[in-house]
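Here the structure is laid out as C-alpha cells; the discussion comes afterwards.
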Amino acid sequence: MGVTKVSDQDFETEVLKSDKPVVVDFWAEWCGPCRMIAPALEEIAGSLDGKVKIVKLNVDENPKVAAQYNIMSIPTLMLFKNGELSSRQVGAAPKAKLEQWITAAV
C-alpha cells in the first residue's frame, strides 16, 4: 500500500481509530534527514503490508497534531496501537534499524 499522507483533519480517523498499528512519520519538506528515510519507509510499508500502516504528517502544514504530540525535532516517528502512543523514535536511522524498531513494536 505504501506510505500515505495524513493531516490534522483525518489524523484521528486514519491513526487513532485504525484497526492495525500505525507508524506516523512527522516530517517537513525542507528536512534533509526526513527525505533520507522516506525511501526506507516506503520499502518497509511494502514488506509489512497488512501488518502495519505507515503514514506521513507534514508538521508545517499540520501544526495542531504536531503540537499535540510535542514534536520538537524531525523526523520523529511514532507508533500508535489501539489509538495509544506505544513507541517513539527521534532522528533518521538506517532502514534495518527502522524495520527492527517497527517489527519489535508490532
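The values are calculated or read from the model by the stated rules, or taken from the named source; none is laboratory data. Bear in mind the structure is a predicted one, so any value in this text is a computation, not a measurement. Positions of Cβ are backbone-derived with ideal geometry, glycine not excepted, and every protein chain shown enters the neighbour counts. These area figures cover heavy atoms from the full protein model, side chains too; ligands, DNA and RNA do not enter into them. Shrake-Rupley method; radii C 1.70, N 1.55, O 1.52, S 1.80 Å.
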*Working carefully through the options G50, G2, find the one that is modelled with pLDDT under 95, small (G, A, S) and either assigned to a strand (DSSP E or B) or under 21 Å from A93 (Cα atoms) (or both).*
G2
*Kindly indicate the residue of the range 1-29 that is out of contact with any helix residue (DSSP H, G or I) (no Cβ under 8 Å at 6 or more places or on another chain) and aliphatic (A, V, I, L, M) and also surrounded by the fewest Cβ atoms within 10 Å (Cβ to Cβ) among those meeting that condition.*
L16
*asked:* Return the pair list, or none, for Cβ contacts closer than 6 Å from residues in the range 62-83 that are of a type in the set (S, T, N, Q) to residues that are open to solvent by 30 Å² or more (accessible area, probe 1.4 Å), at least 6 apart or on different chains.
replied: S73/V90; T76/V90
_Let me spell it out: the conditions are (1) closer than 19 Å to F11 by Cβ; (2) outside any helix (DSSP H, G or I); (3) among the charged types (D, E, K, R); (4) open to solvent by 50 Å² or more (accessible area, probe 1.4 Å), and K56 meets all of them except one. Which number is the exception?_
(4)
